[in-house]
Structures are given as structure tokens and as C-alpha cells.
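What follows is a single structure, written as C-alpha cells, with notes after it.
Rule-based calculations on the coordinates, nothing more; no lab input. If you're wondering where the values come from, they're calculated on a predicted model, not measured in any experiment. Cβ placement follows ideal geometry from the backbone for every residue including glycine, while neighbour counts extend to all protein chains displayed.
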Amino acid sequence: ERANFLKWVNMRSGYSFIAWNGGMRNGKLTPFADKRVRRAMTMLLDRQKMIDDIYKGIGMVAKGNMPLASPGANPDIKPWPYDPAAAKALLRECGWDDRNGDGTLEDENGNIFEFEFSYSGGSEIAEKIAKFVKDAYNAAGIKVNLRSADWSVYQDFMKKRDFDAITLGWGANAPESDPIQIFHSKSIANQGDNFAQYNSPEADRLIDAGRREIDTDKRMAIWRQLEAQLHEDQPYTFVRVPPWLRMVRRDIGNVHMYPA
């Protein structure tokens, strides 16, 4: 009665994600060192249902690292679909299959597909995400062990790369953010923010090229290539783009929503 409810995605909306540890943990590689496994994990997660159930339908399925309103966003890229059959086919390629008919995926040595999902405790939303993730992967024959922690300890997980999968969100501090902080292999060392330990020579090349390119149009074209590379490699499962939510009194007129 008193206010207009405004909802729109813009360059500062950011995205939430699940990061897959693609490097070493406790002296051995996680299952997520293989990009096919990471892509399968994305396709096993019904992200639209996740948004509908957890966020009351507010938000849209994320497709990559670039703000949707940015000219650096690649219009040819669509979110990976929810497709359990295709995901299980990818996992079979990687040696994960239900070999004994017990409903659980195993490798050729009989080791079950099992991983730890870490999340920040004390949040109702985080608890709902953890339960959704556990149920989704359990249905596909993957055992999920949940681990919650206070934020200070949670940050330590990331710094020490002591996790299999972890959920978080990034928000842009400018219309164009420097991707070196998150996705360049240089940012793995010294507790950098590439805590997923994503290491792609092609992504490194594109990031370096984009940072050197002064021409805006050419640089945006490079960022579109980078988004395509991240789409293929899935160091993150990009989950949700949250809109800005604003309530404006009805007696205030001439209110416009801008992508910037």
C-alpha cells in the first residue's frame, strides 16, 4: 500500500557459487581435479529449484563470472542445464559408476565417491543450501559429509585449501573487476583468493592479455573468451545472481532502474 517493490540485476549484483577444490588436499588430489567431474557436479544440481525453494524464486541462475549487464559478458553462454543423465555419463567417463548395484558410485578400486561440503554456520540460508546440496548429490549416488564452521574458521579453510567443496559469493566492486584475483594460477600461492586452486594455462593467458589490453572493445572480447573458458572448466558451479531489492515510497516518482 505504501511502497513500490523494485527488483533488478545490475553490474553490482555479483553471484553465489560452490567452489570445487581442483588441487591437492591432505597430500592427494580431490575428485574435482578433473573438469569433467566438476561439470557433472553442476549438472546434478537443479539450481532453479534451489532458487525457488531457498530464495522464494528471487534471483536467476548464474552462468559465469561476468556481471550480466556488462559488455564483457558472453551472450553465447547459457547456464549448464540440470541434466542428471548427462552428468552420470560424464562421471562414468572419469571412472565413477555404481559397480555393485548399491546405489553409490565407486571407482575401479571400489572407493566410493565421497566429499566434504563446507559452509558457514549460523545462517538459515546456509543450512538450507547444505541440505539441498546433500540431498541432490546423494540422489546421484554421491556421499556428502557436511561441515559447518564459524566465519573465522571458515576463512581458514580457504586459506589452507582445507576443503573439498565450499560455498560463498562474490560481489563486484566496479563494473569491471580484475579476474586475476580469483582465477589466475598466480593467486593460488600465498593464501591467495584462488582457493579453488584453479590452474588453466589458457585462462592465465586470457587474463594476462585482458589486463594488458587498453582498447575497451578488444578487452571485452577477451573477457568473453575467459568466461567461455570458465564455463567449460567449471572451477565453480555458478549458482545464483541476486537482484538488488529496493522499496520506494509510492509518492516518489520518476524512479528508474539502470544496469550500471
Task: Charged-residue dipole, Cβ positions (Lys, Arg, Asp, Glu), region 64-157 about Cα centre, Debye nearest 20 - done: 280
Open item on the list: Going by amide H atoms built from the backbone, whose H comes under 5 Å of the H on residue 119, apart from near neighbours?
Closed with: 147, 148, 149
- [ ] Give the residue from 57, 29, 223 lying farthest towards the positive end of the charge dipole for the chain; charges sit on Cβ (+1 for Lys and Arg, -1 for Asp and Glu) and the dipole is referred to the Cα centre.
- [x] 57
Task: Base-10 log of normalised Debye intensity for region 217-260 (one unit scatterer per alpha-carbon) at q = 0.30 Å⁻¹ - done: -1.08
Open item on the list: Contact order normalised by length for the chain, with contacts defined as Cα pairs under 8 Å and 6 or more residues apart; what percent is it?
Closed with: 37
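Is there a pair in 78/143; 28/49; 159/218; 28/88 whose C-alpha atoms are over 30 Å apart, and which pairs would that be? Present the calculation step by step, with values, prior to reporting the outcome.
Numbers: 78/143 28 Å; 28/49 34 Å; 159/218 34 Å; 28/88 24 Å.
Where the Cα-Cα span goes over 30 Å, the pairs concerned are 28/49; 159/218.
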Open item on the list: Just to be sure I understand the curve: with the Debye formula and one point per C-alpha of the chain, what is log10 I(q)/I(0) at q = 0.11, 0.16 Å⁻¹?
Closed with: -0.64, -1.28
Task: Antiparallel bridges, percent of DSSP beta bridges restricted to the chain (to nearest 5) - done: 70
Open item on the list: Let me spell out the model: positive unit charges on the Cβ of Lys and Arg, negative unit charges on the Cβ of Asp and Glu, origin at the Cα centre of the chain. What dipole size does that give, in debye rounded to 20?
Closed with: 720
Task: Selection from 129, 146, 109, by position along the positive dipole direction of region 106-155 (Cβ) - done: 129
TODO: Using every pair of alpha-carbon atoms in region 144-217, split the distances into 10 Å bins beginning at 0 and state the percent of pairs per bin, rounded to integers.
DONE: 17, 41, 30, 11, 2
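Based on Cα coordinates alone, diagonalise the gyration tensor for region 110-244, multiply each eigenvalue by 5, take square roots, and list the semi-axes in whole Å, largest first. Let's see the in-between values first.
Working: eigenvalues 181, 56, 49 Å².
So the three semi-axes of region 110-244 are 30, 17, 16 Å.
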Open item on the list: Calculate the FRET efficiency for residue 156 and residue 189 from the Cβ-Cβ distance with a Förster distance of 25 Å, rounded to the nearest 0.05.
Closed with: 0.90
Task: Simple Cβ-charge dipole of region 1-133, Lys/Arg +1 and Asp/Glu -1, about Cα centre, in debye nearest 20 - done: 680
Open item on the list: Run the Debye formula on the Cα coordinates of region 1-92, all scatterers equal and no solvent, and tell me log10 I(q)/I(0) at q = 0.12, 0.14, 0.16 1/Å.
Closed with: -0.52, -0.68, -0.84
Task: Cα extents of region 10-162 along the three principal axes, largest first (Å) - done: 48, 38, 29
